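Heads up, the thing below is written out as structure tokens.
Since every read-out is calculated from the coordinates, none of them should be taken as a lab result. Note that the coordinates shown come from a computational prediction; the quantities given were computed from them, not determined experimentally. Quick reminder, even Gly has a Cβ in these numbers, built from the backbone with ideal geometry, and neighbours come from all protein chains shown.
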Amino acid sequence: MSIFAVSYTYTDDVATRDEVRPDHRAFLSALNADGVVRASGPVDGGVGALLILEAESADAALAVLDEDPFALRGLVAERGVRQWDVVIGGLAG
């Protein structure tokens, strides 16, 4: 398994984001409990997020996040993924 950093940029639909946020966080919390999502949280004052996942590939990491309630409701305007080779810190192998 590898570590991947996934970035989200949200749409401007703050009202729907606020409505869906509890489901989004429950989804990510369940993935955290399963060891898939290692960390996540908003960036830049809430206009996006950074998610750290453990997965077999970048495509697999994104496939897991396809089921994110934010994604399902069209609240993620852009998504990027990069493999991250952690050598120091709590996520290091």
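Would you pick out the residues in segment 1-51 that are crowded, with 16+ Cβ neighbours inside 10 Å and β-branched (Val, Ile, Thr)?
ILE3, VAL6, VAL20, VAL36, VAL37
Identify, by number, the condition in (1) outside any strand (DSSP E or B); (2) in contact with a Ser or Thr (Cβ under 7 Å, 6 or more places away or on another chain) that ALA49 doesn't meet.
It fails just one condition, (1).
Those residues that are hydrophobic (A, V, I, L, M, F, W, C) and either in a loop (DSSP other than H, G, I, E, B) or without any contact (Cβ under 8 Å) to a residue 40 or more places away in the chain (or both), I need them from segment 1-25; list them, please.
MET1, VAL14, ALA15
So the check is Cβ under 6 Å with 6+ separation or different chains; which pairs have a first residue in segment 81-92 that's on the phi < 0 side of the Ramachandran plot and basic (Lys, Arg) and a second one that's assigned to a strand (DSSP E or B) and surrounded by 12 or more Cβ atoms within 10 Å (Cβ to Cβ)?
ARG82/ALA5
Name the one entry in ALA30, ALA61 that is part of a helix (DSSP H, G or I) and without any contact (Cβ under 8 Å) to a residue 12 or more places away in the chain. It would help to see each step written out before you state the result.
Numbers: ALA61 fails: without any contact (Cβ under 8 Å) to a residue 12 or more places away in the chain.
Result of the check over ALA30, ALA61: ALA30.
Working only within segment 3-49, note down all residues that are touching a Pro at 6+ places or on another chain (Cβ under 8 Å) and under 14 Å from VAL81 (Cα atoms).
GLY48, ALA49
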